[in-house]
Every structure is written in structure tokens, then in C-alpha cells.
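I have placed the structure first, in the form of C-alpha cells, so that the comments after it can refer back to it.
The values are calculated or read from the model by the stated rules, or taken from the named source; none is laboratory data. Keep in mind it's a predicted model, so treat the numbers as computed, not measured. Here Cβ is always computed from backbone atoms with ideal geometry, including for glycine, and neighbour counts include all displayed protein chains. Quick note on the areas: whole protein, heavy atoms, side chains included, nothing else; ligands and nucleic acids left out. Shrake-Rupley method; radii C 1.70, N 1.55, O 1.52, S 1.80 Å.
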Amino acid sequence: MSTAAIHAGWRADDMHGALTPPVYSSSAYAHEDHASLKDLFARRSAGFAYSRSGNPTTAVLEERAAALEGGAGAIAVASGQAATTIALCALLEPGSHVVASQLLYGGTTEFLDDTLADLAVTSTTVDPWDLEAWERAITPATRAVVVESVANPGAQLVDLAAISSIAHAHDVPVVVDATLASPALYRPGEHGADVVVHSATKYLCGHGTTIAGLIVDTGRFDPRRCPERWRRLTSPNRRFGVTFADEYDRGCSGLLAYARAKYVTDFGATLPAASAQQILVGIETLDLRMRKISADAAALAARLHGSVGTARVEHPTIPGRPDAHLADRDFPHGTGGVFALDLDGGEDAAAAFCDALELFTLAVNIGDARSLVCHPATTTHCHLEESQRRACGVGPGTVRLSIGLENVEDLWADLERGLAAARAVSGAAEPEQAVARRG
Ligand SMILES: Cc1ncc(COP(=O)(O)O)c(C=O)c1O
């Protein structure tokens, strides 16, 4: 993983021997003759014509992402949200049905509930830990199962191998949002996923500089197994004059070819070349960052657990979490830096906690080098129904932490400052008073 993170997709063999993949800042590409451009548009040859659907810098990122995930190919797009949107559009059509975990990033839930509903796609959400619920929810119209490998914000893990075998028994592909784990900690393709999406904005970038998304085909999905079900891939496409499933005979992903030709091009969700380079640079240190961040997050979660004024810490290593065995089985290097805590005293206590922090920055991002905090109920999850928020484990007193690369003792000192402010609002006893009372 760490070698692929440095080398996959790029050798210093351009005109000047550039070690870092250069930013090809060009909207279009010159062609020698009429026949060359004609072949490209007729999909008889590969290459670049116009950067909306492909760019040499972005292509390096795509090759590197595929290598990191052990996949058959990847497409880089303008954001994590674009990755989810395009991956699902490529699998769904009007009348399709999606089964999704109820523990999803708020933007994904909104996309399913609102935009996809407008397009006559229905969805059912299930408790990801209830395997029978996955089985019950799949219908003959189900065309995708959607889950996060580590859920945002409560860091809940899923038994992806079990969910995938249920979905595959019905010939339904599994789409995994792997943003919070990143391929440094968990490669969904090794656990049964068919398609992996990333908000590369987060850990892959690592420094909060760039919005980007990735779609990876893990190489498991083959629409030719159920040609009737996936007619848009297995029959000749009138617009493009090809059958996208033929790509599999060439060792490429038909699904990604279709997604790029149609949705990346039509939606115009193009990743700028400069953004692709920023993500490539970020990926070089991914492995190192994820190990430190995961270890520090687990240490801080353990200290927060049981702190006076903290009702609940949502981290897989906290005693009593039903997914502890999955952390042991599938996440040998940790589960990343995002977790949640629920403060006694509701929104007022959460507000006091956030406002008292000096090192953690109040911001709606995760995966930055800087530690960040946010209040999901009034920000990332504010457009959801109250019942949906509850199902995501987001209450009025929930705050999300994204642990960065600072010194862990400095972070703990800051969190203690936040807890004291929250206690002042909720009326919980200070630690010394609590000990005296217990004594
Ligand atoms: C798990 C997850 N998936 C997808 C997204 C969307 O990514 P982006 O903001 O890059 O569009 C986010 C954003 O917070 C996220 O946390």
C-alpha cells in the first residue's frame, strides 16, 4: 500500500523527468490528423480529447486509486458527492430500488431521499448490524446496496463480507463509501464490495485543501451474469455506438467506461488537474497519517469514555460496542480519526463544548491535518428528519471529532477544556466533586 501510494501511475518519464506528476492544465489536446481524433471519439483508441472527460494528471490519480484499492479501474470526479451520484446513476434506472444503511453521511441520505426519489428510484434504509434486515429489504427491483465501511459520524463498522454475500445471492452489487477508513486501513474489495467511492477531500487529500471524489471498480461486478438486468451495459448503446460490457473482454471496467462516457461528461463533474495533483501528493503520506491518527483517536476516545458530562462515546473500541469484533477482525491498523461523543445537556452543552475548544477548529470537514469539531444535528445532518438523525446516532448533544496530526496530549488538554465548559452548562459535577461524592 505505501509503495503504491508513492509510485502507482507515474514514472518520471515525461519531457523533463518531473518526479511529481505535473499539472496538465489544458482544456483540449492536439491531434496529428483527422483519423486520430475520429478514432478517439469512436472509442477505437484511447487518449485525451477534452479535459471534461479525461486529463493526464487526473489519469495518474485514477491509476493510483485503482492500485490502492486493488481494483480494476477508477474514475476521479469533482467531489465525493459526485462520486456517489455517478456511481449510483450508472447502476440505477427509473423504477430501481436501493437498500442503504441508515448510518450514512447526511448528503448521501439526502441524495437517496430527494434527488433519486425525483428520478423514480426508491430506497429502503436498514440497521447495518441487522443482517436479516438486509435480506428482507432486497426486492426484485434492487440494483444497489449502499453502505459506509466506517460510518460518519459514529465510526460504526459493518460486516461487509456478510452483507455482500446477501446482496450477491440476489445479484445486487455492493457500493461502499470508504471515505473514513481510506485504503490505508480497509480495502472494501477484499471484503466483497463491487464499487468503492471516496470523498478524496478527506484523508486521501489529508490537508483540507481540495474537494475531490473517486469511484473504483473492484473487479467483482460483471453485468454479463444477468444481461437482462443490466441492459444499458450489455446491449449496444445507441448514443455511443458500442456495448460497454465489451470492455470487460479488454480487461477494463464496462461500468466505469459507461459512467465516464455518460455521467461524468453529461454532469460535467470534472476534477481539475491541479486538484488531482493535490490528492496525489496527499496520498503519498496516507499510510503514515492514518496510523497515527487512528491510534490517537482510539486513545482520546478511551479517555473521553466515562468522563463526567459525556453520556456516550461512539468509537468501535469503547466497551459494549456491538462492532468491536469487526474492529479486531477487519481493521488491524485502526478505524481512523473520526468519532462522536454525546454530551449530557443537549445542544447547549454541545455549543459550549465547541466554543471552548482552542485547538480543535469548528468546521464541517474531516480528515484534515488539523483536528476539527462540528455539531452534526445543526450542520451535516440538519436537513434530515428527526427520526433519520436518531437512526444515524445523531442527537442534540452529539459532537463529531476528526482527530488530526497534532500532539495527542495537547488535544486531550483541549478536550478537557471543552468538557469543563459543557459541564458548566449541563450542571454535571466537576471530576473532583464527583469523586468526593462517590467517596
Ligand atoms: C462519508 C462521506 N461521503 C461523502 C462525502 C461527500 O464528499 P465531498 O464533500 O467531497 O463531496 C462526505 C463529506 O463529508 C462524507 O463524509
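Only residues that are open to solvent by 10 Å² or more (accessible area, probe 1.4 Å) and within 8 Å of the ligand (Cβ to nearest atom): list them for the range 186-200, please. Residue satisfying the conditions is S199 alone. Which condition number does I211 fail, the rest of (1) among the hydrophobic types (A, V, I, L, M, F, W, C); (2) more than 24 Å from T124 (Cα to Cα); (3) buried (at least 23 other Cβ atoms within 10 Å of the Cβ) being met? If we test I211 against (1) among the hydrophobic types (A, V, I, L, M, F, W, C); (2) more than 24 Å from T124 (Cα to Cα); (3) buried (at least 23 other Cβ atoms within 10 Å of the Cβ), just (3) comes out false. Here the condition is being in contact with a Phe, Trp or Tyr (Cβ under 9 Å, 6 or more places away or on another chain), open to solvent by 10 Å² or more (accessible area, probe 1.4 Å), in the same structural domain as E409 (by TED's automatic domain parsing) and assigned to a loop (DSSP other than H, G, I, E, B); of P332, P322, it holds for P322 alone. State all residues of the range 63-85 that are touching a strand residue (DSSP E or B) at 6+ places or on another chain (Cβ under 6 Å) and surrounded by 24 or more Cβ atoms within 10 Å (Cβ to Cβ); if no residue qualifies, say none. The answer is A65, A66, E69, G71, A74, I75, A76, V77, G80, A82, A83, T84. Once the range 148-180 is narrowed to residues that are more than 16 Å from the ligand (Cβ to nearest atom) and of a type in the set (S, T, Y), the residue that is most open to solvent (accessible area, probe 1.4 Å) is S165.
Residues in the range 78-132 that are of a type in the set (F, W, Y) and within 14 Å of the ligand (Cβ to nearest atom): Y105, F111.
Residues in the range 323-350 that are under 26 Å from V308 (Cα atoms) and without any contact (Cβ under 8 Å) to a residue 40 or more places away in the chain: A324 alone.
When the residues of the range 267-290 are filtered to those that are of a type in the set (G, A, S) and within 11 Å of A76 (Cα to Cα), the one that is surrounded by the most Cβ atoms within 10 Å (Cβ to Cβ) is A276. Cβ separations smaller than 8 Å between residues 6+ apart or across chains give the following pairs from the range 129-151 residues that are closer than 19 Å to G189 by Cβ to residues that are acidic (D, E) and surrounded by 19 or more Cβ atoms within 10 Å (Cβ to Cβ): V146/D177; V147/D177; E148/D177; S149/D177.
Here the condition is being small (G, A, S), assigned by TED's automatic domain parsing to the domain that holds H170 and either in contact with a Gly (Cβ under 8 Å, 6 or more places away or on another chain) or part of a strand (DSSP E or B) (or both); of A245, A257, A261, A193, it holds for A245 alone.
Residues in the range 1-30 that are in contact (Cβ under 8 Å) with a residue 24 or more places away in the chain and open to solvent by 40 Å² or more (accessible area, probe 1.4 Å): M1, S2, I6, W10, T20, V23, Y24, S25, S26, S27.
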